[in-house]
Amino acid sequence: SERLEKVLTNQTYNKNEIKMNIHLRTTYRGRMRDMKRILVVKAMVLGAIACSISAIGFAAGVESTHIQDATNTQQNIQGTEKHDAVQSNWMDRTDIKVGTQSKVGTQVSIETLQPLTHYDENSKSVLFVQGGIGRGGQEHSVSYYHGYHEIWYPYNPVTGKGDQRYMAEKYEHTKSLGTVANVGLGYRHLSKNEHAYVGVNAFVDRAFSENANRVSGGLEYVSGLNEVRANVYRGLGSVKSQSDMIHLPPSYFTFNLAGGPAYYMPHTSQKVLSGYDVSYARTFKNARWARVHATVYHWNGLSVPNHSNALLKTLEIGNSHGWNVGTTLQVTPHVSLDLGYTADSKDTSGAYGFVKYTLGTSKFAWHGGKHSDDTITNALARMLDKVDRSPMTIGHTYEEDWYVRPNDHL
């Protein structure tokens, strides 16, 4: 009975163990399946996160590339526009000017400016030569006629005789000098931000008909839309004076000389005037084809004593000062107008007007050109503009001192 009880007990124990083992295995397999599902889910989540990160990085890289490409493209466009804005050829810098000025008359000239050093959108300075030739300049003259007891005898072409005048006479007039040429060197340097430049220049002028010469030196400062310039002029050589004696035959007079003396003495003096000018000009941001300017100037005159013993008088010409105001309008890329008025204390007061034709083209124009441009500053746009200077001026005096004494007056 004891054995039977042990056998039954062992059988019961084995059955319970078997049931426990089966339960443990079932639980383990379930947990394994749960872990696999969790791992799969984690893998899917991590994969999704990784894909998202990769996608974001790729998108960021593409966007960065597009931004960089856009920036480079914009810079290239701006570089091209700036290059085109500052480029010009010799024809763009060569002008033919025709016009008239009060008391001076018609003036015609051709003028050009050409760089001597390489100049493009990356240059910060330029050395240039400027020259011109034409009919222009001014001669201010004073004429004085007198004689013994102030009597003198100008020629009358109708009678072929000398008309008797009982009072001294004085006349002043202004005329063109004829052919005048000039040549000069200039240097301009841009500021770091290209908003301003400073310039210096030196010129030589020659009036061929008068065999007269002048030198000048100038300073320029352009900042923003404002321009300031100053020039100093010096005539070369001293006063040129000449005297002569012209005898007159008895047939020249309407009365009998009876052997008395009859002659007159012309005296001439000439000098290239020295002086200075200071000017201010302004351009307009949205109308860069228009420019207004104002100038003040002073000329040192020519003074010589006359040759009359009876009437001492100083003949003076020049020694004047004045101002002028005007505007320059670029009407088309080829044609511009320069209109203004000059007020002088002694000489050439009056209006002036010039038409200028450019062989090439101007980038700014009221019709057919740009009105404004943010690509280049006003200073950069004017680096190859011509230097503005006052015309060459000469002072001239002429005196006739008559000495006529019939014998019956002795």
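The values are calculated or read from the model by the stated rules, or taken from the named source; none is laboratory data. The model shown is predicted, which means the values in this text are computed figures rather than measured ones. A quick note on method: Cβ atoms are made from the backbone with ideal geometry, for glycine too, and the neighbour counts reach across all protein chains shown. Accessible surface areas use protein heavy atoms only, side chains included; no ligands, DNA or RNA. Shrake-Rupley method; radii C 1.70, N 1.55, O 1.52, S 1.80 Å.
Rounded if a/c is under 1.5, else prolate if a/b is larger than b/c, else oblate: which is region 97-160, with a ≥ b ≥ c the root eigenvalues of its Cα gyration tensor?
It is prolate, given that a/c is not under 1.5 and a/b is the larger ratio.
To the nearest 0.05, what FRET efficiency results for residue 303 and residue 161 with a Förster distance of 35 Å applied to their C-beta separation?
The formula returns an efficiency of 0.50 here.
What ³J(HN,Hα) values, in whole Hz, does the Karplus curve 6.51 cos²θ - 1.76 cosθ + 1.60 give for region 203-211 when θ = phi - 60°, with x put for Gly and Pro?
Per-residue couplings from phi come out as 9, 10, 10, 9, 9, 5, 5, 9, 6 Hz.
Going toward the positive end of the dipole of region 286-410, with +1 on Lys and Arg Cβ and -1 on Asp and Glu Cβ, which of 296, 357, 393 do you reach last?
Value: 357.
Only four residue types carry charge here, +1 at the Cβ of Lys and Arg and -1 at the Cβ of Asp and Glu. Report the dipole size of region 296-410 about the Cα centre in Debye, rounded to the nearest 20.
Dipole magnitude for region 296-410 comes out near 440 debye.
For residue 211 paired with residue 345, estimate the spin-label separation in nm (one decimal), with each label point 7 Å from Cα along the Cα-to-Cβ line.
Label-label distance for residue 211 and residue 345, simple model: 3.3 nm.
Step through the residues of region 349-356 one at a time and calculate ³J(HN,Hα) from phi using the Karplus curve (6.51 cos²θ - 1.76 cosθ + 1.60, θ = phi - 60°), rounding each to whole Hz and writing x for Gly and Pro.
7, x, 7, 9, x, 9, 10, 10
Taking Cα centroids, how far is region 326-348 from region 248-299 in Å?
So the two Cα centres are separated by 21 Å.
Pairs of lysine in region 246-397 with Cα under 30 Å and at least 8 positions apart or on different chains: total?
14
Between residue 325 and residue 170, what FRET efficiency comes out of the Förster formula 1/(1 + (r/R0)^6) with R0 = 35 Å and r the beta carbon distance, rounded to 0.05?
After rounding, the FRET efficiency stands at 0.65.
Between residue 195 and residue 98, what is the FRET efficiency for a Förster distance of 41 Å, r being their Cβ-Cβ separation, to the nearest 0.05?
0.70
For region 193-327, what % of the accessible area comes from carbon and sulfur atoms, probe 1.4 Å?
60
Based on Cα positions only, what radius of gyration and what Dmax would you give for region 217-347, in angstroms?
Reported Rg and Dmax, both Å: 24.3, 81.
Read phi for every residue in region 162-178 and hand back ³J(HN,Hα) as whole Hz from Karplus 6.51 cos²θ - 1.76 cosθ + 1.60, θ = phi - 60°, with x for Gly and Pro.
So the Karplus estimates, Gly and Pro as x, are x, 7, 7, 10, 9, 9, 5, 10, 10, 9, 10, 7, 10, 8, 6, 6, x Hz.
If only Cα atoms are counted, what is the Rg of region 273-406, and what is its Dmax, in Å?
Expressed in Å, the Cα Rg and Dmax of region 273-406 come to 21.9, 83.
Could you compute how fast region 240-312 diffuses translationally, taking Rh as the Kirkwood radius over C-alpha pairs and applying Stokes-Einstein at 10 °C with viscosity 1.306 mPa s? Give it in µm² per second.
Reported coefficient: 87 µm²/s.
Rounded to the nearest whole Å², what accessible area per residue is found for region 233-375 with the 1.4 Å probe?
I get 52 Å² per residue for this part.
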